[in-house]
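Notes follow once the structure below has been shown.
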Amino acid sequence: MGHPARSVTVTLTLPEEIYERVAEAATLEQRQLEDLMSELVAEGLDSHQSVRALLEQVSVQYQTRLGQAGKLNQSAEEVLQELRDLREQAARELYP
């Protein structure tokens, strides 16, 4: 069995509405406010890290795709011009 988790006391300022929502949830779940807040912070951090990892994965896939298409080193102006050309082409096709 592992060692018990060490704790750190943190002073936190929250909007009153958020505090009331957490307090109400703690009451409904019959839990200590501090325990629920600790769990919510941990869950939020896990969620944040998951989203960040997903965005990094998508970024790598997009860069790989650009590299395969030979467009990885395009300047911002070249990208904008290509987007303008695509927009004009779509407009011509949709509204002849």
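The values are calculated or read from the model by the stated rules, or taken from the named source; none is laboratory data. Please read these numbers as outputs of a predicted model, since none were measured by experiment. With ideal geometry, Cβ positions are generated from the backbone for all residues, glycine too; neighbour counts draw on all protein chains shown.
Here are a few things to note about the model shown:
- Scanning segment 15-29 for residues that are in a helix (DSSP H, G or I) and acidic (Asp, Glu) turns up Glu16, Glu17, Glu20, Glu24.
- Segment 62-86: number of residues that are assigned to a loop (DSSP other than H, G, I, E, B) and within 25 Å of the chain's Cα centre (by Cα): 1
- Qualifying residue in segment 87-95 (condition: aromatic (Phe, Trp, Tyr), surrounded by fewer than 10 Cβ atoms within 10 Å (Cβ to Cβ) and either free of Cβ contacts under 8 Å to residues at least 12 places away in the same chain or part of a helix (DSSP H, G or I) (or both)): yes
Listed here are the residues, each with its yes/no results for (1) without any contact (Cβ under 8 Å) to a residue 12 or more places away in the chain; (2) in a helix (DSSP H, G or I); (3) of a type in the set (A, V, I, L, M).
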site: Thr13; (1), (2), (3): yes, no, no
site: Arg31; (1), (2), (3): yes, no, no
site: Met37; (1), (2), (3): no, yes, yes
site: Leu40; (1), (2), (3): no, yes, yes
site: Asp46; (1), (2), (3): yes, yes, no
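- Segment 1-33, residues that are at pLDDT 90 or above and either hydroxyl-bearing (Ser, Thr, Tyr) or in contact with a Ser or Thr (Cβ under 8 Å, 6 or more places away or on another chain) (or both): Thr11, Thr13, Tyr19, Thr27
- Checklist (1) within 22 Å of the chain's Cα centre (by Cα); (2) in a helix (DSSP H, G or I); (3) at pLDDT 90 or above applied to Ser59, failing item: (3)
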